[in-house]
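Notes follow the structure.
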Amino acid sequence: MQKIDDLLNEDHQRYSTLSKLLRSAATQQHLTAGVRALLPTAIGRGISAVTMEGPKLRIHCDDGAIATRLRFQLPMLKERLLQLGDFAHLEQITVKVVPPA
């Protein structure tokens, strides 16, 4: 049986399922932090996750009120995101309400 340290070591099984999952989680955290930083604090706190699939950015909010406030901010947010390298190919932003479990 392999030790956890061996499984988490990036040199070991670089393309393993666990490695891909860890990279995906790190990317999602990076995107979420980047989007939160560009928004007012009250809205940013209500964002639970941000994902990017090709040119489409999806923002998950905790409740409908935050989602509504965020939708009013989308033109400004898109303009700011397009100035950043990670979002240079951004075409569409969608907002989805996902209540906490």
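The values are calculated or read from the model by the stated rules, or taken from the named source; none is laboratory data. This is a predicted model, so every value here is computed, not measured. These area figures cover heavy atoms from the full protein model, side chains too; ligands, DNA and RNA do not enter into them. Shrake-Rupley method; radii C 1.70, N 1.55, O 1.52, S 1.80 Å.
Largest mean-square fluctuation among Leu84, Leu70, Leu38, in a Gaussian network model of the chain whose springs join Cα atoms under 10 Å apart, belongs to Leu84.
At 1.4 Å probe size, with the rest of the protein present, what percent of the exposed accessible area of the chain is carbon and sulfur atoms? Result for the chain: 55 percent of the exposed heavy-atom area is carbon or sulfur. Rolling a 1.4 Å probe across the protein heavy atoms gives the chain an accessible surface of 69 Å² per residue. Less than 5 angstrom separates the built amide H of Val95 from those of Ile59, all sequence-distant by 5 or more or on a different chain.
Note down the relative contact order for the chain as a percent, whole number, built from C-alpha pairs under 8 angstrom at least six residues apart.
23
Could you tell me which label, among (1) 30, 16, 11; (2) 36, 19, 12; (3) 52, 14, 11, carries the value of semi-axes √(5λ) of the Cα gyration tensor in Å calculated for this structure? So the structure-derived entry is (1). Estimated from helices alone, the mean residue ellipticity of the chain at 222 nm is -15000 deg cm²/dmol (sum of -39500 (n - 2.57) over DSSP H runs with n ≥ 4, per residue).
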